[in-house]
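Notes to accompany the following structure.
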Amino acid sequence: MTNLMTQCAIAGIGQTEFSTDSGRSELRLVCDAILAALDDAGLTAKDIDGIVTYTIDNNDEVSLMRALGIEDLKYSVRLPMGGGGSAMTIHHACAAVASGAASTVVIWRAMNERSEYRFGQPNSTPKGSRINDMTYTIWGIPYGLQFPGACSALGFQRYMAKYGVTNADLGHLVVQQRAYAATNPLARFYGKPITLDDHQNSKWIADPVLRLFDCCQESDGGVALLVTSRERARDLKGEHVRILGSAASIPYNVEPLTPYYTDDPMVTQQTVNSARRVFEAAGVGPKDIDVALLYDAFSPEVVRQLEAFGFCGPGEALDFVKSGAIALDGELPLNTNGGLIGEAYIHGLNMVTEGVRQLRGVASNQRKDAELVLFSSGNGAVIFAKD
Amino acid sequence: MNQQRQSKRLDPMSTRNTDWFWDEAAEGRLSIQKCGNCGAMHHPPRPICPECHSAERVPTPMSGRGTIYSFMRVSYPPPIGFDEPPIVALVDLEEGGIRLITNIVDATLEELVNDAPVVVDFEKTASGKSLPVFRLAGKAGAA
């Protein structure tokens with residue numbers, strides 16, 4: 001029997017410009033991104049019967065339906081884990097389509113996280129109105145662990161000590177990503193490459209782990225994706241890409257940015273699980289991947305994912321990077337849009353638009369003959385294929 | 001107690017599941033949740049035991065000794081509640097299986113190494129609540 005989860009496709013992608021001040025509401029950003037995706041696919045708002053977004057997206061379903069004229073939703077879900085869950089949105093959209101719960105699912109994320117609020121700045125109160133028992137909220141804030149970058153850095157210091165790597169080693173990764181961004185007109189840092197010296201002269205965020213240039217920059221903008229069946233996608237206007245496999249994992253006791261309470265926080269169990277499941281679902285392995293898009297809110301997250309996916313062994317990720325492997329002519333071009341660090345931080349979904357562009361052959365930094373693209377966000381992973 | 005100058009530290013958030021931890025700290029105890037039924041110890045606190053699902057939670061004082069798992073100095077953007085960039089660390093308690101987010105106080109970044117022994121102390125927040133913090137064992141002022 002065919003696994004219907006492997007018979008779905010991205011039929012259209014849409015986005016706004018990425019900026020420091022969008023000049024319009026977050027709801028308008030969603031509308032603009034979805035309209036662009038509908039236009040790309042050759043569909044209308046009336047075709048949408050399922051929606052998926054993040055729990056922390058500020059826009060509400062009813063207002064969105066009112067604005068776009070969506071008639072009736074059969075399926076609606078919001079996913080946890082912040083950006084770590086961004087790849088899970090596709091997994092759930094596929095589940096809806098494969099099960100028949102919905103036929104045309106739109107995924108969105110839109111925010112004015114630079115102009116209206118500062119997503120990455122210190123917080124003395126939890127984001128959102130509700131106090132919950134999350135690690136960062138209760139146990140981090142009184143000790144000065146008050147923003148996402150610091151959370152990402154804390155466990156990684158031990159990795160650096162264990163394997164003898166320094167922040168300058170992370171710099172090689174960032175320099176390559178900024179080089180990609182510099183030639184990507186969609187990127188916030190288009191035309192602005194940096195040198196290793198620039199990286200090393202950027203200010204410390206959390207010494208000895210993280211400098212400013214290791215961090216994504218808060219950005220205004222929105223991204224939308226349309227998921228439907230392969231069969232239907234073939235009849236649509238846009239050039240679709242196949243979702244060859246998708247996976248999710250939320251393991252016991254593991255929070256995305258603060259996975260401190262497991263025996264060995266250097267093993268990112270959510271990513272290890274997602275990697276195993278997505279390779280199994282897609283029937284391929286690490287060596288088959290042509291382009292990897294790994295969630296990089298902060299540079300250490302890329303190291304964790306490179307190792308969890310088996311692209312290199314424990315402790316080897318930064319040597320792998322320095323060998324030139326992640327350049328366009330290397331064995332694994334990585335974050336070819338510049339990543340969240342170089343293009344914009346639209347909470348992971350702008351990595352998917354890059355993946356689709358790579359498979360359509362229209363990326364600014366095009367990998368020749370790209371056929372398989374991996375997107376990982378830690379708690380989820382997707383492998384896209386040319387169809 | 002380290003209380004030379006007026007603290008600007010933020011209070012911990014109050015929740016029904018976690019308040020007892022800070023109440024213990026106010027009494028000068030670093031206590032961890034132990035299950036009154038099966039004896040399993042867990043941190044951070046939770047309403048029931050994940051092993052046996054008993055709701056009988058017994059705050060159990062620890063020795064206050066541990067080792068540094070990892071550490072960093074958070075400098076920018078400046079965390080709220082500190083005059084100087086704080087050293088934030090993960091500390092493993094000697095009882096085993098318990099790791100805390102904390103501060104290493106009265107130490108420079110250069111003095112710290114992974115697995116260095118540390119001992120607990122308590123610092124006040126702006127409103128007078130107590131937070132368990134740690135200092136390098138053997139340094140002047142350490143218990």
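Data table
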| quantity | calculated |
| --- | --- |
| Unique match (being out of contact with any Ser or Thr (no Cβ under 7 Å at 6 or more places or on another chain), part of a loop (DSSP other than H, G, I, E, B), more than 10 Å from chain A (Cβ to nearest Cβ) and modelled with pLDDT under 95) among B:G39, B:G128 | B:G128 |
| Flag if A:R277 is buried (at least 23 other Cβ atoms within 10 Å of the Cβ) and either touching a residue at least 40 places away in the same chain (Cβ under 8 Å) or closer than 15 Å to A:L334 by Cβ (or both) | no |
| Subset tally (residues that are modelled with pLDDT under 90 and either assigned to a strand (DSSP E or B) or at the interface with chain B (Cβ under 9 Å from one of its Cβ atoms) (or both)) for the stretch A:99-135 | 12 |
| Selection count, the stretch A:166-193, where residues are in a loop (DSSP other than H, G, I, E, B) and closer than 14 Å to A:C216 by Cβ | 3 |
| Those residues of the stretch A:138-161 which are facing another protein chain (nearest Cβ under 8 Å) and closer than 22 Å to A:Q269 by Cα, in sequence order | A:W139, A:G140, A:A150, A:A153, A:L154, A:G155, A:F156, A:Q157, A:R158, A:A161 |
| Matching entry among B:P50, B:P12 (being within 12 Å of chain A (Cβ to nearest Cβ) and under 21 Å from A:Y143 (Cα atoms)) | B:P12 |
| Qualifying residue in the stretch A:99-114 (condition: under 30 Å from B:L90 (Cα atoms) and of a type in the set (A, V, I, L, M, F, W, C)) | no |
| The stretch A:166-175: number of residues that are out of contact with any strand residue (DSSP E or B) (no Cβ under 9 Å at 6 or more places or on another chain) and surrounded by 18 or more Cβ atoms within 10 Å (Cβ to Cβ) | 3 |
| Check on A:L225, farther than 30 Å from A:H240 by Cβ and of a type in the set (A, V, I, L, M, F, W, C) | no |
| Among residues of the stretch A:1-40, those that are in a loop (DSSP other than H, G, I, E, B) and closer than 20 Å to A:N350 by Cβ, counted | 9 |
| Which listed residue, of B:D115, B:D121, is in contact (Cβ under 8 Å) with a residue 60 or more places away in the chain and either surrounded by fewer than 16 Cβ atoms within 10 Å (Cβ to Cβ) or not hydrophobic (A, V, I, L, M, F, W, C) (or both) | B:D121 |
| Residue count, the stretch A:136-165 (criterion: of a type in the set (A, V, I, L, M) and not in a helix (DSSP H, G or I)) | 2 |
| Output for the stretch B:53-77, where each listed residue is assigned to a loop (DSSP other than H, G, I, E, B) and facing chain A (nearest Cβ under 7 Å) | B:S75, B:Y76, B:P77 |
| Verdict on A:R178 being over 30 Å from A:T137 (Cβ atoms) and either surrounded by fewer than 21 Cβ atoms within 10 Å (Cβ to Cβ) or within 14 Å of chain B (Cβ to nearest Cβ) (or both) | no |
| Enumeration of residues in the stretch A:134-147 that are surrounded by fewer than 23 Cβ atoms within 10 Å (Cβ to Cβ) and either in contact (Cβ under 8 Å) with a residue 40 or more places away in the chain or over 18 Å from B:R16 (Cβ atoms) (or both) | A:M134, A:T135, A:Y136 |
| Count of residues meeting criterion [surrounded by fewer than 20 Cβ atoms within 10 Å (Cβ to Cβ) and part of a helix (DSSP H, G or I)] in the stretch A:41-67 | 9 |
| Among residues of the stretch B:22-36, those that are outside any loop (DSSP other than H, G, I, E, B) and in contact with a Pro (Cβ under 6 Å, 6 or more places away or on another chain), counted | 5 |
| From A:D198, A:D264, residue being within 14 Å of chain B (Cβ to nearest Cβ), on the phi < 0 side of the Ramachandran plot and either assigned to a loop (DSSP other than H, G, I, E, B) or out of contact with any helix residue (DSSP H, G or I) (no Cβ under 6 Å at 6 or more places or on another chain) (or both) | A:D264 |
| Residues of the stretch B:97-125 that turn out to be more than 16 Å from A:P208 (Cα to Cα), within 10 Å of another protein chain (Cβ to nearest Cβ) and part of a loop (DSSP other than H, G, I, E, B), as a count | 4 |
| Helices (runs of 4 or more DSSP H) wholly inside the stretch A:281-387 containing at least 2 residues that are crowded, with 24+ Cβ neighbours inside 10 Å and in contact with a Lys or Arg (Cβ under 6 Å, 6 or more places away or on another chain) | A:349-360 |
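Residue-by-condition table, conditions (1) without any contact (Cβ under 8 Å) to a residue 60 or more places away in the chain; (2) of a type outside the set (G, A, S); (3) closer than 19 Å to A:N379 by Cβ; (4) surrounded by fewer than 18 Cβ atoms within 10 Å (Cβ to Cβ):
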{"site": "A:T228", "(1), (2), (3), (4)": "no, yes, no, no"}
{"site": "A:L236", "(1), (2), (3), (4)": "no, yes, no, no"}
{"site": "A:I243", "(1), (2), (3), (4)": "no, yes, yes, no"}
{"site": "A:S246", "(1), (2), (3), (4)": "no, no, yes, no"}
{"site": "A:S249", "(1), (2), (3), (4)": "no, no, yes, no"}
{"site": "A:T258", "(1), (2), (3), (4)": "no, yes, yes, no"}
{"site": "A:P265", "(1), (2), (3), (4)": "no, yes, yes, no"}
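The values are calculated or read from the model by the stated rules, or taken from the named source; none is laboratory data. Computed from a predicted model, the values in this text were never measured in an experiment. Methodologically, a virtual Cβ is constructed for each residue, glycine included, from the backbone with ideal geometry; neighbour enumeration extends over all protein chains shown.
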